[in-house]
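Coordinate-derived values only; no laboratory data. Because the structure is a prediction, the values reported are computed rather than measured. Here the Cβ is made from the backbone with ideal geometry for all residues, glycine too, and neighbour counts use every protein chain on show.
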Amino acid sequence: MNLQDAIHSRRTAHSWTNEPVNQDILERALRAAQMAPCHRLTWPWRFTLPGPVARNALYELGVQLKAARRAEQPSEALRDRLRQKLLHPALVVVSQVLDEDLDRQNEDYAACACAIQNLSLSVTADGLHSKWSTGGLTRHKETYEILSVPQDEERIIGFVWIGTPARLPNEPERLPLEQVVRSVP
Ligand SMILES: Cc1cc2nc3c(=O)[nH]c(=O)nc-3n(C[C@H](O)[C@H](O)[C@H](O)COP(=O)(O)O)c2cc1C
């Protein structure tokens, strides 16, 4: 697959088969992420690969958070739905090393976003799909503890799920190019 094909076929998937992700694909994707640019060579990204114990703890926390948001006890249906979302795909947790300087932090966030895009394009080129997710689970204090990410030094900026989608959503309608490109004399 050439680069243009990968860019145009990369899609955010929301549901996954339980087909395991080939470790070579994952390693290639991490190497691609590591090739992202960063201003002043700060190398601000960190990738945490949770093993089975951490994955299960994240799943349990995810179930509790979702049930609490609905003000109900976790049902078997909820557990099954989240099992499929949180336990089937491979997971790369991306965090940003926090610089004291706020301008540097902004630029480092941009660099981390480039790294995530490289990672996503790499898995797309290898026939898989991905999802960058953020929310209650990625921001929760317990998530940092489960993953041993030092909360005073790094910020988790996304969970990147990788796998074979059970189905892909329809392509979201994008703004026409003329609406986002401005030519000035
Ligand atoms: C910073 C960031 C955070 C995101 N967080 C979520 C999320 O929490 N849940 C989700 O379903 N999609 C999330 N997405 C994916 C977007 O919803 C998705 O990219 C958008 O719908 C366009 O679809 P596409 O990726 O298939 O082009 C996130 C994307 C970015 C860049």
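Observations on the structure shown:
- Coil-residue GluC sites (Glu not before Pro) of the stretch 84-174, DSSP, other Cβ within 10 Å capped at 12: GLU100, GLU153, GLU173
- Amide H contacts under 5 Å for GLY158: VAL94, restricted to partners 5 or more places along the chain or on a different chain, H placed in the peptide plane at 1.01 Å from N.
- For the chain, the Rg and Dmax computed from alpha carbons only, in angstrom: 17.6, 61
- Using a Förster distance of 25 Å, the FRET efficiency for GLN151-LEU41 (Cβ separation, nearest 0.05): 0.50
- Placing +1 on the Cβ of every Lys and Arg and -1 on the Cβ of every Asp and Glu, with no other charges, gives the stretch 14-164 a dipole of roughly 560 debye about its Cα centre.
- Integer Hz, Karplus 6.51/-1.76/1.60 couplings in order for the stretch 149-164, x for Gly and Pro: 8, x, 5, 7, 10, 9, 10, 6, 9, x, 9, 10, 8, 9, x, 9
- For ARG11, nonlocal amide neighbours, meaning residues 5 or more places apart or on other chains whose placed amide H falls under 5 Å from its own, are SER130.
- Extension gain for the segment LEU49 to GLU142, taken as residue separation times 0.36 nm less the Cα-Cα distance, is 31.9 nm to one decimal.
- Lysines with Cα under 19 Å of LYS85, excluding same-chain neighbours fewer than 8 positions away: LYS66, LYS131
- Take each peptide in 178-184, 93-99, 19-25, count the other Cβ atoms within 10 Å of every residue, and average; sorted highest first, the result is 93-99, 19-25, 178-184.
- Applying 1/(1 + (r/R0)^6) with r as the Cβ-Cβ distance of HIS8 and GLU72 and R0 = 41 angstrom yields a FRET efficiency of 0.50.
- What the phi angles of the stretch 63-78 give under the Karplus curve with 6.51, -1.76 and 1.60, with θ = phi - 60°, is a coupling list of 4, 4, 5, 5, 5, 4, 4, 8, 6, 9, 6, x, 8, 4, 4, 5 Hz, glycine and proline written as x.
- Viscosity 1.002 mPa s, temperature 20 °C, Stokes-Einstein D of the stretch 99-185 from Kirkwood C-alpha radius, µm²/s: 134
- For the peptides 113-119, 59-65, 146-152, the ranking by packing is 113-119, 59-65, 146-152, with the highest mean count of neighbouring Cβ atoms within 10 Å listed first.
- Note on ASN106/ALA166: beta-carbon distance plugged into 1/(1 + (r/R0)^6) with R0 of 25 Å gives a FRET efficiency of 0.10.
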